[in-house]
Amino acid sequence: MKNVLAVVYRDALIRLTSLTWLFFDMAVPLLYLLMFGVGFNKAVGLGVISNGASVAYNDFFLAGVLSMSCFGSAINQAYGFFVDRDNGIFYEFLTYPMTRGEFLLGKMVFQCVMSLAQTALTLTAAVVILGIPVNVMLLPLTVIVVMAGIAGWFFALSIVAFRIKRNDTFNTVINVAYFVLMFVSSMFYPLDAVPDWLRYISYANPLTWHTDVLRYLTVGIGSSAAIAAETFGFTAFLFISFWFAQLALKKTV
């Protein structure tokens with residue numbers, strides 16, 4: 001545990017030296033919610049149909065914002081491996097008396113701590129400014145699911161970062177994946193009325209699973225049976241990603 005906390009402490013010091021980066025970590029999810037949510041909410045008027053019920057777009061989009069911020073935070077944390085590799089500290093870390101798993105867990109725990117502030121700010125704005133009826137009783141579970149989302153995507157993206165040596169190649173792959181995964185998911189629109197082929201692809205997307213679970217916890221949209229299956233699927237995705245991330249890290253030296 002001491003090794004994990006040492007990695008957390010080191011990442012915290014780095015983040016505190018870049019207040020601009022810290023500001024964007026906190027503010028970007030809020031800006032997504034206020035700009036995209038309000039704009040689309042006005043555009044769709046009466047709302048969207050999700051799971052047979054009509055809901056305001058702001059209510060529907062809140063989970064998408066939380067899920068999007070998890071994915072974005074995981075990208076930033078995975079990109080940090082390239083910064084460490086360029087200045088040589090990455091390989092120095094691998095010589096320290098800690099396991100590869102502890103190194104990855106330390107990185108993940110730091111980003112999860114950051115997510116607490118992100119989530120608190122976003123949900124507060126959702127309730128106070130937009131009047132979204134967030135289920136307060138399920139907030140502890142919501143926070144846990146947010147942290148699980150960051151962890152799962154961080155481990156998955158770390159595999160890509162360890163396999164790819166070139167910075168520009170990593171950015172290209174991640175940007176393409178980010179675009180495809182976001183728009184082939186339930187993040188921006190309900191899957192009720194999309195073509196069958198798109199719906200099947202979307203339901204195989206872990207981003208859909210994570211978004212749907214958050215939507216169920218925050219505003220109660222979704223069936224309990226489907227949410228249970230998606231929770232199981234994303235949990236499996238998290239542990240499988242962690243396993244392969246450790247293997248990929250071992251092969252970097």
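The values are calculated or read from the model by the stated rules, or taken from the named source; none is laboratory data. Source: prediction; values computed, not measured. Quick reminder, even Gly has a Cβ in these numbers, built from the backbone with ideal geometry, and neighbours come from all protein chains shown.
For this structure, a couple of remarks:
- Taking residues in region 165-186 that are surrounded by 16 or more Cβ atoms within 10 Å (Cβ to Cβ), and partners anywhere that are among the basic types (Lys, Arg), the pairs with Cβ atoms closer than 8 Å and at least 6 places apart or on different chains are Ser186/Arg215.
- In region 187-211, residue surrounded by the most Cβ atoms within 10 Å (Cβ to Cβ) [restricted to those that are assigned to a helix (DSSP H, G or I) and free of Cβ contacts under 8 Å to residues at least 12 places away in the same chain]: Arg199
- Scan of region 54-79 for residues that are surrounded by fewer than 21 Cβ atoms within 10 Å (Cβ to Cβ) and hydroxyl-bearing (Ser, Thr, Tyr), ordered by number: Ser54, Tyr79
- Test: residue in region 141-162 that is crowded, with 16+ Cβ neighbours inside 10 Å and not in a helix (DSSP H, G or I): no
- Selection count, region 232-250, where residues are free of Cβ contacts under 8 Å to residues at least 60 places away in the same chain and either closer than 23 Å to Ser202 by Cα or within 17 Å of the chain's Cα centre (by Cα) (or both): 5
- Helices (runs of 4 or more DSSP H) (entirely within region 22-103) containing at least 2 residues that are at pLDDT 70 or above and not charged (D, E, K, R): 57-87, 89-93
- Any chance Val128 is surrounded by fewer than 17 Cβ atoms within 10 Å (Cβ to Cβ) and under 19 Å from the mean Cα position of the chain (by Cα): no
- Selection from region 111-140 of residues that are part of a helix (DSSP H, G or I) and either under 12 Å from Val65 (Cβ atoms) or polar (S, T, N, Q) (or both): Gln111, Ser115, Gln118, Thr119, Leu121, Thr122, Leu123, Thr124, Ala125, Ala126
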